[in-house]
Amino acid sequence: MANEVCFKNLHLDEPWTLAAYQSSGGYSVLKKILQEQTPAQTIVEELKTSVLRGRGGAGFPTGLKWSFMRRDDPGQKYIVCNSDEGEPGTCKDRDILRYNPHALVEGMLIAGYTIGASVGYNYIRGEFWEPFERMEAAIDEARAAGLLGRNILGSGFDFELYNHLGAGAYICGEETALLESIEGKKGQPRFKPPFPANYGLYGKPTTINNTESLASVPEILRNGGQWFLELGKPSAGGSKIFSVSGHVNKPGNYEIPLGTPFRDLLEMAGGVRHGRKLKAVIPGGSSVPVLPGELMMEVDMDYDAMMEAGTLLGSGAVIVMDDTTCMVKVLENLSHFYMNESCGQCTPCREGTGWLARIVHRIEQGQASYEDLDRLEDVAEKVGGNFYAREGGRTICALGDAASMPVLSFLKHFRKEFEYHVEHKRCMVSGF
Amino acid sequence: MSDKPTVTIEIDGKTLQADPGAMLIDIADANGIVIPRFCYHKKLSVAANCRMCLVEVEKAPKPLPACATPVTDGMKVFTRSAKAIAAQKATMEFLLINHPLDCPICDQGGECELQDVAMGYGGDVSHYTEGKRVVLDKNIGPLIATEMTRCIHCTRCVRFGEEIAGVRELGATGRGERTRIGTYVEQTVASELSGNVIDLCPVGALTAKPSRYSARAWELRQHDSIAAHDCVGSNISIHTFRGQVNRVVPRDHEEINECWIADRDRFSYQALSAKERLRTPLIKVDGEWKETDWQTALEMAQAAITKTISDYSPDQVGILVSPNATLEEMHLLRKIANRLQCHNIDHRLRQRDFAHQQDMPRFPSLGCSIAALEELSNVLLIGSNPRKEQPMIAHRLRKAAAKGAQICLINQRDYDLAMPVAASVTASYRGMVEQMANLAKAIPNLDVAALTPEAKALYSKAVVSDAIGEIASRICADGDSLILLGNQAMANPYFSLIESFARAVAKVSNSRFGYLTEGANTAGAWLSGMVPHRDIAGEPLDTTALNAQAMLQEPRNLYLLHNVEPEFDTADAALALKAMHDADHVICLTPFVSSEMKRYASILLPIAAFAETSGSYVNIEGRLQSFTGHTPVGENQARPAWKVLRVLGNSLEVEDCDFISSTEVRDALLSRVGEMTPDNQASVTASAELPAAGTPGPQAVYLGSEVNIYRTDNVTRRASALQQTPDARDNAVRINSATAERLGIGSARQVSVKYNGTQVSADLLVDETVADDSVWVYAATEFTRKLGPMFGVVELEAN
C-alpha cells in the first residue's frame, strides 16, 4: 500500500521524462478536463471529497482553498507552487521534483484551469539545483508537447509556468514571504489579512499550494476523490510522503497511507540504528513539538492522532533520535537555526529567537542557572505563544511559533536533561 | 451624520461607531483610547512589525495588532485585559533587551517614544543577561546624526523614503537580529525632506545633527511660527533654549504641510547665530565703518533720503524688497514710498521680463488649494522644479501622481521629481518659449486671437513634436487639470510670452492656471504694493516708475535694500553690484552683513531675522498666517524691521504711521485689502518679443539656471549644516553629451565660461538631463555672482 500517488512512477526507468509519465496515464486527466471543459466546481468538489489536506505543514483542505478563487472572476490571477522545502528534516518535495516533475506540471495546469490563472510560478528552494534542472526540463518537454503555452490542446486555455529559484532563505517558504521574493523584494512575510486569495502575487488573487498537494491532484482526479479518501482516514484522505531521517537504518522518503502507525513506518525505515533504544521523535519537521519514543510508538501518522498526542504532523519530516542523543544539544541546534532564519521584521521573533538561542547555548555549556530554564520557557511563550495551552504567537508569521514549539516541548518532555546540565555542568548522555 | 454605513464595536466596554474596514488603532485614537505603538504612523503604510499595539479581540486565538486589524461589526476589543497587557509588556521587554538603557546620555531622552512607553509597560529589572547588540553608526550626511545601536527597526524612516520623499535612501539590510537600517553603501541621505525622519524615529537612532546634545527637550520653549523660505507657508514650531533658537520642527497643519517640513525650513535657523550677523547700526564716515546708535543711524538715513530727493528728484531713489519680508514691513515700505512720491519699488528681484505686468492678477496664486493638488488629474509644470523650490508642493504632486495624476513637464532640465512623470520636454530657456508655442499649436481650437502679437508670430511657425503632442493630449484629457508657471518660468527673459501661451492653453483645455512663486510672501508683496505699478491693496497706480531690473539698468542715486543681497538675490548679479557701487547712498536693512555689502553700503541697519520678528505671510493659496517674534534679540541691537520702518516713516513724516504693534500695521493694510480670494483670471495683452536666434558663435550655448535650494535667501545661505549638503555644494556646469560633443569639450573636466565680458572657469559635468544647446548651473552661488544674468548666451571652451 505504498507509493500510490506522487511516487507512483518511481519504479519506471527515468520516471521524470514525459514519455514515462504518459506511459502511466500522465496528462490524461488534463486532456479530459480540457476536452470536456469540466466545470471548475466539479473539480473542487472532487478534491473536497478526497479530503486532501495541504502537504506543506498546515494541513489546510486543498479543495476549500481552491474554492476561494473562482474561474470566472475577471483579471489576472496566479497559481504558485511552494517548492521552497526548507523545514529541517523534510526532503519529500525534492524527490517529487526529481522523479515526478510532470505530476506537478499537470497539477498546476489543473489548478490554473480551476481558479482561472493563466500563469503559474514554481518557487524552488535555492539549494535544489538538480531538482530545478529536472523541473526546467519537464516544463520544456511539456511546452514542446503543446501542454503549456497558448491555447493548450486547442481548448482555448492558456497557461504558462515558470520555475523560480530561491536564494536560501527558510522564511521564503512562508507563502507571503515567498510572494515577496518572487516579486524581487526582500523575503519578509506580509501581514494577513488580506490573504493571498484577495491580494497575492503583484497584488493579484493568488493560490499557493505545496508541491506534494499539487502533484497529488492528477492522481486524485484520475481515480476519484473517494478512492483517495479511502487510502487514508476520514479526516485526512490519501497517502503522504514521510521523510524519515536520523537514527534509523534506512532513512528516506516513504509514501504511505495517512493513519499508518508510526511503529510500521519505523519498521519500513529499518528500525533504530544499531538496535538502540528509541529516545525521541520530532514527527513533522523541526518546528513541531518533540515526542518521547515510548509515546510515539503508540501514535498513528495522521493529523488528528498527532494533535491528540500533543504534536503536529507538519510536513511529515520524521526525525528519529536514539538514546545517544543529548536533547539539550539538539535544541541548541534548532534554536540556532531559528535565530539565523528569522527575517527580522517583527520584534518578538527578531529579538526573541536570539535570546532563546543564547540561553540554550549557555545551558548546553553548563553556564546556566535554574532560573534560566524558567526564563527559557517564558521567552518562548512570549515569542510563539503556548502550543499546549492553544495560545497563538505574537508574530506576523508562524516562524515565531515554530521557534517556540521545540523549546516548550523539549522542556516539557526532557526537562531533567536540562536540569542535569545546569546542576552538573555537563551532559547526562555523553558525560561531557 | 453622514449616511455612510457604520459598524458597532466595543473597545474596553465602550460602544463605538466606526467606518467598516477602518483600522482598530484609528478608532481607538479617535475616541481617546490609548494603545501604545512604535511602527504605526498615521501618514505611513501599516507595517505591523513592532507588535506593541497588540490587543485582545474576542474569539481571536491570539492577540492582534490594532494597527492592522480592520474593525468588523460586533467586534469586542480589550486593550487593557490581562492578555493584552501581557502581550504589550512582552513586546516592550523584547524591544528593551538590545536597546541601550542609558537614556541620560541619549539626545532623544525626554522626548523618546520608547522611553515614554517603557514607563508604562517596561519592567523595572532586566532579565536579559546576554551581551547586548552593538551596531556601528553611519555617516549619512550633515543633517542627521545616527546612533544605530538604539534602532528598534520600526522602519518608519524606510517607509518615509519610499512613500513620502519618493526616494529610497534608507533601507533594512540583513535578517533577524542582524537587521540594519542604513544606506547600504555609505552615502548622504540627500532628500530635501530628509529631516522628517528625525521626527519619525521613535528613539534616539536618528537625531538632528546641528542641535544634537545642545539642550534637553524639557528645557526648550516652544513657539508657533511660519516657515520663511517658500510660498507654501509651512507651519513650524520654534524651540528655543535660553533665548536662542535651538531647533525647528513641523507643526501639524493638514491643509498645508500635513506633519512634514522641508530641510530648508528645519535647518535654516542656524543662520541666526551666524558670524555675519549684524548686531549694531553702522555708518560709513569718510570711508570707514563706525558703530553708532539707532538714532544717529536713522537720522543719517532720513537725511540721505531727503537730500537725494531735494538735490535730484524722488525718482532717484530705488527700493528693493525681499519677497521674504513680512506683510507689515511691506506695508510700511509702501507708505514710505508713497510719502516720497517714489514708486521705484519692487520685490520681483529675479524677474527679467515685465512686459505684461499690468495683466498680472491682484496677486499670483496656485489656482487651487495646496491640499487640492492631490486630487488633480493632470498637471503641467512649466519652468519649475518643485522638489527643490517648494518641496511640500512636490510632496502633494507626488501624492497626486500616486493616485494616477498625469504629471507633464516643460523645463530646462529633465528634473528627477521622484514621482512618475507622464511626459517631459526639455529645452533651453529660449527653446522653452518655442516649445510653449508648439504646445499651443498642438491643442485644437486654441483661441489664437487671445495671444499677443509676438506670441502669434511664434505660433505661426510652431511645429508639433510627439512629446509636445503627448503633453497636449494629457492636459486636454478628462479630469481636473492645472497648468503651473514655476520660479524658472517667471525668471525667464520671455516670461510674458510663456504666460501668453500658457493662459491660452489653459483656457481652451479648461485647465486651472497658477503660479509657484519665489520667497515666502510674494502674494503679500503684490497685495501691499511692492511693485511699481500697484499701490496698497494692489490698486492700480498711474506711474512709469521703474521695476527691479530697470532700477539696476538705470542706476539710481540712492538704494534702500530691505533684506536683500543684490549679488545673490537679483536676476543679474554683476549689474546689481555695479549699480550699488555707483550709487551715492545704499541703505541696507539687513540681519546680516557681508564684506561685499560693506563695500557698497553707506548705512547698515540691523533688523531681526525670521523667528525674531512678528509679522504675517500670505501663502500661494492666499492664506494669511501671522506669527509673533519669539527670541529676544539679546545683546544684539537688531530691531524688528517693522519698528525700524515705522520710526523711519515718522521721521519722513509719513501720515498715519504711529503704529504700536505689528498687528496694527497688518490690520491697517487688511482693511484696505478686504477680501483676499485668490483669482488668477487675467489675459496677457502685452509681451516681449523673442528675437531671431541669429547665428551664435561655434562655442555658444544658452545658459540656464535655477536658484540653488540652499542659496535662496540671506538666511538659508548662512545655515551651516545646509551648506554642507551635496545640493549646496554643487557648483558644476552641466551640459549634455551631445552638446558637449558639438562644442568639442566632451572629455574636458574643466571649462572656461565666457559671458558678459568675463571669463570664469568651472567644473564640467556631463548630465543628460540638461536640454540640448544649453548649459545649466545653480544660481545665487559664489560662482554665478561672477557671471552675469541668470539666462543668456555664453561661450564654453575646454580648459
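Summary table
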item: Matching residues, segment B:33-64, being of a type in the set (K, R) and more than 11 Å from chain A (Cβ to nearest Cβ); result: B:R37, B:K42, B:K43, B:K59
item: Total residues in segment A:323-344, condition over 30 Å from B:C154 (Cα atoms), out of contact with any Phe, Trp or Tyr (no Cβ under 9 Å at 6 or more places or on another chain) and assigned to a helix (DSSP H, G or I); result: 1
item: Elements of type strands (runs of 3 or more DSSP E) contained in segment A:195-272, each with 1 or more residues being farther than 11 Å from A:L52 by Cα, in contact with a Phe, Trp or Tyr (Cβ under 7 Å, 6 or more places away or on another chain) and hydroxyl-bearing (S, T, Y); result: A:206-210, A:252-257
item: Tally of residues being surrounded by fewer than 23 Cβ atoms within 10 Å (Cβ to Cβ), more than 8 Å from chain B (Cβ to nearest Cβ) and free of Cβ contacts under 8 Å to residues at least 60 places away in the same chain across segment A:382-409; result: 2
item: Among (1) buried (at least 21 other Cβ atoms within 10 Å of the Cβ); (2) touching a helix residue (DSSP H, G or I) at 6+ places or on another chain (Cβ under 7 Å), the one test that B:D265 misses; result: (2)
item: So A:E36, is it within 22 Å of A:D302 (Cα to Cα) and among the charged types (D, E, K, R); result: no
item: Filtered residue count, segment B:536-577, keeping only those that are part of a loop (DSSP other than H, G, I, E, B), modelled with pLDDT of 95 or more and hydroxyl-bearing (S, T, Y); result: 1
item: Residues that are surrounded by 24 or more Cβ atoms within 10 Å (Cβ to Cβ) and either assigned to a loop (DSSP other than H, G, I, E, B) or within 14 Å of another protein chain (Cβ to nearest Cβ) (or both), drawn from segment B:157-179; result: B:L170
item: The one condition in (1) modelled with pLDDT of 95 or more; (2) in a loop (DSSP other than H, G, I, E, B) that B:P5 fails to fulfil; result: (1)
item: Qualifying residues in segment A:155-175 (those that are farther than 30 Å from A:Q188 by Cα and touching a residue at least 40 places away in the same chain (Cβ under 8 Å)) - the one surrounded by the most Cβ atoms within 10 Å (Cβ to Cβ); result: A:F157
item: Matching residues, segment B:65-78, being facing chain A (nearest Cβ under 8 Å) and part of a helix (DSSP H, G or I); result: B:A68
item: Which numbered condition B:D124 misses (of (1) without any contact (Cβ under 8 Å) to a residue 24 or more places away in the chain; (2) away from chain A (no Cβ under 14 Å); (3) crowded, with 20+ Cβ neighbours inside 10 Å); result: (3)
item: Of the criteria (1) under 38 Å from the mean Cα position of the chain (by Cα); (2) crowded, with 20+ Cβ neighbours inside 10 Å; (3) free of Cβ contacts under 8 Å to residues at least 24 places away in the same chain, which one B:A90 fails; result: (1)
item: Segment B:134-149, subset within 14 Å of chain A (Cβ to nearest Cβ) and over 15 Å from B:T173 (Cβ atoms), residue nearest to the chain's Cα centre (by Cα); result: B:T149
item: Selection status of B:V135, in contact (Cβ under 8 Å) with a residue 24 or more places away in the chain and within 30 Å of B:P210 (Cβ to Cβ); result: yes
item: Search result, residues across segment A:24-46 that are under 25 Å from A:P257 (Cβ atoms) and touching a Leu at 6+ places or on another chain (Cβ under 8 Å); result: A:S24, A:G26, A:V29, A:I43, A:E46
item: Residue list for segment B:79-132, filter: of a type in the set (D, E, K, R) and not in a loop (DSSP other than H, G, I, E, B); result: B:K83, B:K89, B:E93, B:E113, B:D116
item: Considering residues of segment B:86-121 that are away from every other protein chain (no Cβ under 13 Å) and touching a Phe, Trp or Tyr at 6+ places or on another chain (Cβ under 8 Å) only, the residue farthest from B:V55 (Cα to Cα); result: B:D107
item: 2 or more residues crowded, with 20+ Cβ neighbours inside 10 Å, among the β-branched types (V, I, T) and in contact (Cβ under 8 Å) with a residue 24 or more places away in the chain: qualifying strands (runs of 3 or more DSSP E) within segment B:656-767; result: B:700-707, B:733-735, B:750-755
item: Residues of segment B:402-456 that turn out to be over 26 Å from B:D478 (Cα atoms) and polar (S, T, N, Q), as a count; result: 3
item: Meets criteria (within 14 Å of chain B (Cβ to nearest Cβ) and either surrounded by fewer than 23 Cβ atoms within 10 Å (Cβ to Cβ) or free of Cβ contacts under 8 Å to residues at least 12 places away in the same chain (or both)) for A:R190; result: yes
item: Test: residue in segment A:345-362 that is at pLDDT 95 or above and not in a helix (DSSP H, G or I); result: yes
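Listed here are the residues, each with its yes/no results for (1) among the basic types (K, R); (2) within 28 Å of B:L64 (Cα to Cα); (3) crowded, with 20+ Cβ neighbours inside 10 Å; (4) at the interface with another protein chain (Cβ under 8 Å from one of its Cβ atoms).
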residue	(1), (2), (3), (4)
A:T324	no, no, no, no
A:L331	no, no, yes, no
A:S342	no, yes, yes, yes
A:T353	no, yes, yes, yes
A:A357	no, yes, yes, no
A:V360	no, no, yes, no
A:Q365	no, no, no, no
A:R375	yes, yes, no, yes
A:V379	no, yes, yes, no
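The values are calculated or read from the model by the stated rules, or taken from the named source; none is laboratory data. Computed from a prediction, not measured in an experiment: that's the story for all the values here. Virtual Cβ from ideal backbone geometry, glycine too; neighbours counted across all protein chains shown.
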